[in-house]
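The structure appears below as C-alpha coordinates.
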Amino acid sequence: KIQKRYHIKPIPLPEAQNGRVQAINFTSKAHPTITHAGFTLINVYLPANGLNAGKIAHLSALLRPHIKEQLRGRIFMCGDFNFITGEEDATNPLTSIRLGKADMKSWVKVEQCLGVREVKQDTHTHFALTQETALARSSRIDRHYTSLTDAELSIIAASTEISLARSPNENTASKTMDVLQDVHKPGLKATFRRLHVSDHLPVTLRFFPL
(Lines give C-alpha, C1' and ligand atoms only; values in the text may rest on other atoms or scores of the structure.)
Protein backbone atom coordinates (compact mmCIF):
# COMPACT_ATOMS: atom_id res chain seq x y z
CA LYS A 1 0.00 0.00 0.00
CA ILE A 2 2.80 2.42 0.81
CA GLN A 3 4.47 1.90 -2.58
CA LYS A 4 1.17 2.46 -4.36
CA ARG A 5 0.57 5.77 -2.65
CA TYR A 6 4.06 7.26 -2.34
CA HIS A 7 7.27 7.83 -4.23
CA ILE A 8 9.97 6.58 -1.83
CA LYS A 9 13.40 8.17 -1.95
CA PRO A 10 16.30 7.90 0.55
CA ILE A 11 17.93 11.19 1.54
CA PRO A 12 21.73 11.05 1.13
CA LEU A 13 23.53 11.54 4.44
CA PRO A 14 27.25 11.85 5.24
CA GLU A 15 29.18 8.59 5.28
CA ALA A 16 29.68 8.89 9.05
CA GLN A 17 25.93 8.36 9.53
CA ASN A 18 25.82 5.07 7.60
CA GLY A 19 24.17 2.44 9.75
CA ARG A 20 23.29 5.04 12.40
CA VAL A 21 20.75 7.37 10.84
CA GLN A 22 18.54 6.76 7.79
CA ALA A 23 16.21 9.39 6.35
CA ILE A 24 13.59 8.53 3.72
CA ASN A 25 11.16 10.81 1.87
CA PHE A 26 7.65 9.63 1.06
CA THR A 27 6.09 11.91 -1.59
CA SER A 28 2.39 11.53 -2.35
CA LYS A 29 1.75 10.26 -5.90
CA ALA A 30 -1.73 11.80 -5.91
CA HIS A 31 -0.58 15.19 -4.61
CA PRO A 32 3.16 15.50 -5.35
CA THR A 33 3.19 19.30 -5.04
CA ILE A 34 1.57 19.34 -1.59
CA THR A 35 4.37 19.03 0.95
CA HIS A 36 2.22 17.83 3.82
CA ALA A 37 0.65 15.11 1.73
CA GLY A 38 3.93 13.27 2.21
CA PHE A 39 6.23 12.67 5.15
CA THR A 40 9.81 11.89 6.16
CA LEU A 41 10.78 8.80 8.13
CA ILE A 42 13.99 8.87 10.16
CA ASN A 43 15.30 5.55 11.47
CA VAL A 44 17.85 5.74 14.27
CA TYR A 45 20.33 3.23 15.67
CA LEU A 46 22.90 5.16 17.67
CA PRO A 47 26.07 3.56 19.07
CA ALA A 48 25.70 1.65 22.33
CA ASN A 49 29.17 2.69 23.45
CA GLY A 50 31.13 5.93 23.40
CA LEU A 51 30.35 9.45 24.53
CA ASN A 52 26.78 10.72 24.36
CA ALA A 53 28.07 13.76 22.48
CA GLY A 54 29.06 11.45 19.63
CA LYS A 55 25.57 9.97 19.55
CA ILE A 56 23.95 13.40 19.33
CA ALA A 57 26.41 14.34 16.57
CA HIS A 58 24.86 11.68 14.33
CA LEU A 59 21.48 13.38 14.72
CA SER A 60 22.91 16.87 14.37
CA ALA A 61 23.94 15.95 10.83
CA LEU A 62 20.24 16.21 9.94
CA LEU A 63 20.38 19.93 10.73
CA ARG A 64 22.84 20.76 7.96
CA PRO A 65 20.97 23.13 5.62
CA HIS A 66 21.28 20.99 2.48
CA ILE A 67 19.89 17.99 4.39
CA LYS A 68 17.26 19.71 6.50
CA GLU A 69 15.63 21.24 3.42
CA GLN A 70 15.00 17.71 2.14
CA LEU A 71 13.08 16.67 5.27
CA ARG A 72 9.67 17.38 3.78
CA GLY A 73 6.23 16.95 5.29
CA ARG A 74 5.65 15.67 8.78
CA ILE A 75 8.65 13.96 10.41
CA PHE A 76 8.46 10.60 12.13
CA MET A 77 11.66 9.64 13.93
CA CYS A 78 12.06 6.35 15.74
CA GLY A 79 14.55 3.72 16.81
CA ASP A 80 17.23 2.84 19.33
CA PHE A 81 18.67 6.12 20.59
CA ASN A 82 20.97 4.52 23.17
CA PHE A 83 20.65 7.53 25.46
CA ILE A 84 18.07 8.72 27.94
CA THR A 85 17.04 12.18 29.09
CA GLY A 86 15.56 11.59 32.55
CA GLU A 87 16.46 9.74 35.73
CA GLU A 88 13.26 7.71 35.52
CA ASP A 89 14.33 6.32 32.14
CA ALA A 90 16.79 3.84 33.67
CA THR A 91 16.91 1.70 36.80
CA ASN A 92 20.57 2.54 37.39
CA PRO A 93 20.89 6.23 38.36
CA LEU A 94 24.61 6.18 37.58
CA THR A 95 24.20 4.95 34.01
CA SER A 96 26.45 6.62 31.46
CA ILE A 97 23.69 6.79 28.85
CA ARG A 98 21.88 9.63 30.63
CA LEU A 99 22.56 12.97 28.98
CA GLY A 100 24.48 15.59 30.92
CA LYS A 101 23.72 19.31 30.68
CA ALA A 102 25.82 20.02 27.58
CA ASP A 103 24.57 16.98 25.68
CA MET A 104 20.99 17.71 26.71
CA LYS A 105 21.33 21.19 25.23
CA SER A 106 22.50 19.68 21.94
CA TRP A 107 19.64 17.17 21.93
CA VAL A 108 17.03 19.87 22.63
CA LYS A 109 18.42 21.81 19.67
CA VAL A 110 17.86 18.75 17.44
CA GLU A 111 14.29 18.40 18.72
CA GLN A 112 13.52 22.05 18.19
CA CYS A 113 15.10 22.33 14.74
CA LEU A 114 13.27 19.22 13.52
CA GLY A 115 10.10 20.29 15.29
CA VAL A 116 9.63 16.87 16.89
CA ARG A 117 8.45 15.73 20.29
CA GLU A 118 8.18 12.32 21.82
CA VAL A 119 5.08 10.17 21.73
CA LYS A 120 5.46 9.32 25.39
CA GLN A 121 5.42 5.84 26.82
CA ASP A 122 6.90 5.05 30.22
CA THR A 123 7.83 1.38 29.82
CA HIS A 124 11.50 0.43 29.82
CA THR A 125 12.34 -1.31 26.56
CA HIS A 126 15.93 -2.50 26.92
CA PHE A 127 17.37 -4.93 29.43
CA ALA A 128 21.14 -4.99 29.94
CA LEU A 129 22.17 -8.15 31.76
CA THR A 130 25.73 -8.07 33.09
CA GLN A 131 27.91 -10.36 35.18
CA GLU A 132 28.37 -7.50 37.65
CA THR A 133 24.86 -7.00 39.00
CA ALA A 134 25.52 -3.40 40.05
CA LEU A 135 25.90 -2.50 36.37
CA ALA A 136 22.75 -4.31 35.19
CA ARG A 137 19.89 -2.05 34.18
CA SER A 138 16.71 -1.61 32.22
CA SER A 139 16.14 1.58 30.27
CA ARG A 140 13.83 3.44 27.91
CA ILE A 141 16.10 3.93 24.91
CA ASP A 142 13.63 2.89 22.16
CA ARG A 143 11.36 5.81 21.34
CA HIS A 144 9.11 7.50 18.76
CA TYR A 145 9.02 11.21 17.89
CA THR A 146 6.72 13.11 15.53
CA SER A 147 6.38 16.67 14.27
CA LEU A 148 2.59 16.57 14.41
CA THR A 149 1.13 19.91 15.49
CA ASP A 150 -1.24 20.56 18.37
CA ALA A 151 -4.01 21.12 15.82
CA GLU A 152 -3.38 17.74 14.23
CA LEU A 153 -3.23 16.04 17.62
CA SER A 154 -6.61 17.55 18.47
CA ILE A 155 -8.25 15.28 15.89
CA ILE A 156 -5.99 12.23 16.02
CA ALA A 157 -4.31 10.53 18.96
CA ALA A 158 -0.74 9.26 18.63
CA SER A 159 -0.19 6.27 20.88
CA THR A 160 2.76 3.96 21.53
CA GLU A 161 2.48 0.46 22.89
CA ILE A 162 4.81 -2.39 23.78
CA SER A 163 4.02 -5.40 21.63
CA LEU A 164 4.24 -8.69 23.50
CA ALA A 165 2.79 -10.77 20.69
CA ARG A 166 6.00 -12.80 20.54
CA SER A 167 6.91 -12.77 24.21
CA PRO A 168 8.45 -15.90 25.69
CA ASN A 169 6.09 -18.74 26.47
CA GLU A 170 5.83 -20.29 29.92
CA ASN A 171 8.49 -22.90 29.16
CA THR A 172 10.97 -20.29 27.96
CA ALA A 173 10.20 -18.08 30.95
CA SER A 174 10.89 -21.00 33.27
CA LYS A 175 14.25 -21.65 31.58
CA THR A 176 15.11 -17.98 31.91
CA MET A 177 14.38 -17.99 35.62
CA ASP A 178 16.62 -21.03 36.05
CA VAL A 179 19.42 -19.23 34.22
CA LEU A 180 19.06 -16.12 36.38
CA GLN A 181 19.34 -18.02 39.64
CA ASP A 182 23.12 -17.60 39.54
CA VAL A 183 24.06 -14.20 38.15
CA HIS A 184 27.75 -15.13 38.18
CA LYS A 185 27.25 -18.25 36.07
CA PRO A 186 29.71 -18.31 33.11
CA GLY A 187 28.06 -17.50 29.81
CA LEU A 188 24.96 -16.04 31.46
CA LYS A 189 24.48 -13.29 28.91
CA ALA A 190 24.94 -15.64 25.95
CA THR A 191 22.42 -18.07 27.43
CA PHE A 192 19.94 -15.27 28.01
CA ARG A 193 20.26 -14.13 24.39
CA ARG A 194 19.67 -17.66 23.14
CA LEU A 195 16.38 -17.72 25.02
CA HIS A 196 15.35 -14.29 23.71
CA VAL A 197 15.70 -13.07 20.15
CA SER A 198 16.49 -9.56 21.37
CA ASP A 199 17.15 -7.71 24.62
CA HIS A 200 14.81 -4.96 23.34
CA LEU A 201 11.02 -4.81 23.43
CA PRO A 202 9.36 -3.60 20.19
CA VAL A 203 7.53 -0.28 20.45
CA THR A 204 4.61 0.24 18.07
CA LEU A 205 3.28 3.67 17.06
CA ARG A 206 -0.43 3.89 16.22
CA PHE A 207 -2.86 6.67 15.37
CA PHE A 208 -6.53 6.84 16.33
CA PRO A 209 -9.21 9.37 15.31
CA LEU A 210 -10.69 11.41 18.16
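The values are calculated or read from the model by the stated rules, or taken from the named source; none is laboratory data. Note that the structure is a prediction, hence the values are computed from the model and not measured. Don't worry about glycine lacking a Cβ; one is built from the backbone with ideal geometry, like all the others, and counts go over all protein chains shown. Remember, those area values only see protein heavy atoms, side chains included, never the ligands or the DNA or RNA. Shrake-Rupley method; radii C 1.70, N 1.55, O 1.52, S 1.80 Å.
Numerical summary
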item	result
Estimated FRET transfer efficiency (SER96, ARG5; beta-carbon r; R0 45 Å; 0.05)	0.60
Distant-in-sequence amide H partners of VAL119 (H built 1.01 Å from N, under 5 Å)	HIS144, TYR145, THR146
Translational diffusion coefficient (Stokes-Einstein; Kirkwood radius from C-alpha pairs) of the range 38-114 at 25 °C, 0.890 mPa s, in µm²/s	183
Average Cα contact separation per residue, the range 1-109, under 8 Å, 6 or more apart, as relative contact order %	24
Accessible area of the range 1-152 belonging to carbon and sulfur atoms, whole % at 1.4 Å probe	54
Whole-angstrom gap from the range 1-39 to the range 72-144, using each part's C-alpha centre	25
Vicinal HN-Hα couplings computed from phi for the range 86-100 (Karplus, 6.51 cos²θ - 1.76 cosθ + 1.60; Hz; Gly/Pro x)	x, 4, 6, 7, 8, 7, 9, x, 9, 4, 7, 8, 7, 5, x
Probe 1.4 Å, accessible area per residue of the range 76-145, Å²	49
At R0 = 30 Å, FRET efficiency that the Cβ-Cβ distance of ASN49 and ILE162 yields, to 0.05	0.75
Equivalent ellipsoid semi-axes - Cα gyration tensor, the range 1-142, angstrom	32, 16, 13
Sites GLU15 and LYS68 - FRET efficiency at Förster radius 22 Å, r taken between beta-carbons, to 0.05	0.75
Nitroxide proxy distance, nm - points 7 Å out along Cα→Cβ at THR33 and GLU87	5.6
Amide H contacts under 5 Å for ALA48, placed H, 5+ residues apart	none
Residue-wise HN-Hα coupling along the range 68-74, computed from phi with Karplus coefficients 6.51, -1.76, 1.60 (Hz; x: Gly, Pro)	4, 5, 8, 7, 9, x, 5
